[in-house]
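In what follows, a single structure is set out as structure tokens and then discussed.
Coordinate-derived values only; no laboratory data. All of these numbers come straight from a predicted model, not from anything done at the bench. All Cβ positions, even for glycine, are placed from backbone atoms using ideal geometry, and neighbour counts span all protein chains on display.
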Amino acid sequence: MALPTSANEIWPHIEKWPFGVLGFVTAAGESRSAGVMYKVKDRVLYVLTGCDTWKAKHIRSNPHVSMTVTIQRLPVRVRMVPPAAITFAGIAEVVDIDEVESDIREALTRGIDDMPNTCAIKIVPKGNFVTYGIGIPAMEMRHPEKSLARVPV
């Protein structure tokens with residue numbers, strides 16, 4: 001096992017785990033975050049949300065976001081070994097749910113057709129993935145210097 005050196009090694013982890021923490025900024029410049037369920041298609045993340053939520057309003061005013069995906073690799077938590085994590089910056093856009101491809105829309109809505117006032121947040125990663133504990137044995141994660149990697153998106 002070795003630390004990841006390309007985005008191709010990181011994307012399977014992001015695609016497998018459907019939960020992450022989305023960070024965004026209010027119009028007043030204050031940081032906020034929200035736990036979100038997401039789906040990935042063509043290396044773009046999609047999140048379902050209400051069109052009038054604070055999350056949607058803040059992203060409309062400032063599209064710069066961050067996303068952190070945690071990956072629990074062990075069936076039982078081992079003390080002193082946190083979950084692996086992938087963090088990245090991105091550009092987000094609030095889009096009408098009908099603009100999302102049907103397979104992703106179906107996955108996000110879980111087949112519920114009548115979801116009024118619902119939209120999607122489309123997140124395109126940019127810059128670098130910053131990983132912790134991806135590609136190394138779990139017990140090596142106790143040593144941050146051996147666990148961190150920075151890989152271009």
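Per-structure values
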quantity	calculated
For the chain, the longest site-free run once trypsin sites (Lys or Arg not before Pro) in DSSP loop states with at most 14 other Cβ atoms within 10 Å are removed	111-153
Segment residue 130-residue 103, length gained on full extension (0.36 nm per residue, minus Cα span)	6.8 nm
Dipole of the chain, positive direction: furthest Cα of 27, 70, 132, with charges on the beta-carbon	132
Gained length - residue 112 relative to residue 96, 0.36 nm times residue gap less alpha-carbon distance	4.2 nm
Helix axis angle, 7-16 relative to the chain longest principal axis, alpha carbon, degrees	60
Cα-centre dipole for the stretch 7-144 with unit charges at Cβ (Lys and Arg positive, Asp and Glu negative), debye to 20	720
Mean shadow area of the chain over all directions, Cα convex hull, nm²	9.9
Cross-link table 41/146; 57/126; 39/122, entries beyond 19 Å C-alpha to C-alpha	41/146; 57/126
Alpha carbon Rg of the stretch 1-44, scaled by the compact-globule rule 2.2 N^0.38 Å	1.51
Length-normalised contact order of the stretch 7-144 in % [C-alpha pairs under 8 Å, at least 6 apart]	27
FRET efficiency, residue 30 to residue 142 (Cβ-Cβ, R0 41 Å, nearest 0.05)	0.75
Expected 222 nm ellipticity per residue - DSSP helices of 4 or more, -39500 (n - 2.57), all of the chain, to 500	-5000 deg cm²/dmol
